[in-house]
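Have a look at the structure below before the remarks.
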Amino acid sequence: MEVGAIDSFPLSSLPGSSKRPVAKAARKKILLVDDSATALMLSRIILRKRPYDIATAADGEEGLRRFHEDRPDLMIMDVVMPGIDGFQACRKIRSLPGGKEVPIFLLSAYADRASIANGMASGCSEFLKKPVNGIELLMMLMRYL
């Protein structure tokens, strides 16, 4: 054999190795909360080829219920919804056991200083302006998940 040449051999021949399959990492769960079916569909389109399990809720109250049932790894929630709005839902989630650890992204077409301040005061992790830039959203998801 020449100097610098590499001879190949199967890794299974190494001591202590086995042919057991490597377990895949668990898929992260994302809960989308929005009263607009169109907004939910657009978010699903952005996330469809990514390794996430997606659940949806049509308003803040259903979002709270799904938080209890699904225990998502991250939530993306609209601010302006009937009944419990995104600010109220975020505050309630933050007060629940395990609610402080879950990143919550609030979305709104109204991204003025007062809305952003209210979002941060409610405990959100990120405040994004609608329509959401898909690449920006995916980059944030990678940072949090």
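The values are calculated or read from the model by the stated rules, or taken from the named source; none is laboratory data. Please read all numbers here as calculations on a predicted model, not as lab measurements. Note: ideal-geometry Cβ built from the backbone for every residue, glycine included; neighbour counts use all protein chains shown.
Kindly establish whether Val102 is at pLDDT 95 or above, β-branched (Val, Ile, Thr), assigned to a loop (DSSP other than H, G, I, E, B) and within 25 Å of Ala26 (Cβ to Cβ). So Val102 passes the test. Of all residues in the range 109-129, those that are among the charged types (D, E, K, R) and crowded, with 17+ Cβ neighbours inside 10 Å total 1. Applying the condition of being of a type in the set (Val, Ile, Thr) and in a loop (DSSP other than H, G, I, E, B) to the range 70-99 and asking which residue is surrounded by the most Cβ atoms within 10 Å (Cβ to Cβ) yields Val79.
Quick one: which residue in Arg48, Arg65 is at pLDDT below 95 and either out of contact with any helix residue (DSSP H, G or I) (no Cβ under 9 Å at 6 or more places or on another chain) or exposed (fewer than 14 other Cβ atoms within 10 Å of the Cβ) (or both)?
On the way: Arg65 fails: at pLDDT below 95.
None of the others qualify; the one that does is Arg48.
Restricting Thr56, Thr38 to those that are in a helix (DSSP H, G or I) and either in contact with an Asp or Glu (Cβ under 7 Å, 6 or more places away or on another chain) or of a type in the set (Val, Ile, Thr) (or both) reduces the list to Thr38. Whether a residue is more than 19 Å from the chain's Cα centre (by Cα), modelled with pLDDT under 95 and over 27 Å from Phe87 (Cα atoms) was assessed, and Pro15 passes this test. Screening Lys92 against (1) modelled with pLDDT under 95; (2) over 24 Å from Glu136 (Cβ atoms); (3) in contact with a Leu (Cβ under 8 Å, 6 or more places away or on another chain) leaves a single unmet condition, (1).
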